[in-house]
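Input: a single structure, listed below in structure tokens.
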Amino acid sequence: MKTPSIAFAFLLIASLCSSAPTKLAIAGLTHTHVHWIFESAKNGEFEIVGISEPNRELAQRYSKQHGFSMDLVYDDLASMLAATRPDGLTAFGSIREHLEVVQTAAPLGIHVMVEKPLAVSLEHARQMKSIAEKHGIHLLTNYETTWYPTNHKAYELLKEGAVGDLRKVIINDGHRGPKKLGINSEFLDWLLDPVENGGGAITDFGCYGANLMTWLTNGERPLSVTAITQQL
């Protein structure tokens, strides 16, 4: 099973007719899922050509950890895209920044992948959809659980009829909490901010179940959706 950072569809878009590695850029380093990108780049399927990150201390820390040159790092997204002209752009900043990433990359014809969830609000999501369609780019959302071998095995068993018809699915996602996991401060600063992160844990984890159910049901739209929170 490939890791999430190399399984994105747009890695093939620019390279189907070319033997050269896909040129990939990174918008933001504060989301710790960005480590998958750096690790996966070592297999040569794509080349990281630019990084936009205003926090130089964070960029330097990751530069030492993953071995990339600080020459790749730009202070702002527009300058980085203009200088590098990547085939695809991956966003690893706050969820609120996703809209700005699409607004900046789409007019240049650059495909975009953002981390889940897609947006902080339905309004932002609709704007992103409209911009992507206007400029003819692929706009993807990466869900970590999409790439779990166990989920692919479950899908295989379902399609083979080994477990009978799909009637009910219970999906549980969660962990001890970001602080107990030792998440770095740059990530926590926006992860716990309702403006920067949007819906918080209910969308941060709930989106996994929605994504998996959409896949298991071949994209069939649900008749209704109900969400219940149990808060003290």
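Please treat every number below as a calculation from the coordinates, not as lab data. Keep in mind that what you see is a predicted model, and the values were worked out from it rather than measured. Glycine also receives a Cβ, built like all others from the backbone with ideal geometry; neighbour counts cover every protein chain displayed.
Principal semi-axes of the equivalent ellipsoid, √(5λ) from the alpha carbon gyration tensor of the chain, are 29, 22, 18 Å from largest down. Counting other Cβ atoms within 10 Å as a rough exposure proxy, the listed residues L29, L118, L188 run L188, L118, L29 from fewest neighbours to most. By the rule of a C-alpha distance below 17 Å, with chain neighbours fewer than 8 residues away ignored, the aspartates and glutamates paired with K153 are E144, D165. For the stretch 131-232, the list of trypsin sites (Lys or Arg not before Pro) that fall in a loop by DSSP and count at most 13 other C-beta atoms within 10 angstrom reads R167, K168, R176, K179, K180. With neighbour counts taken as other beta-carbon atoms within 10 Å, the residues D173, D204, D87 rank, fewest first, as D173, D204, D87. Partner lysines whose Cα lies under 21 Å from the Cα of K23, excluding those fewer than 8 positions away in the same chain, are identified as K2, K42. In terms of surrounding Cβ atoms within a 10 Å radius of their Cβ, H138, H124 rank from fewest to most as H138, H124.
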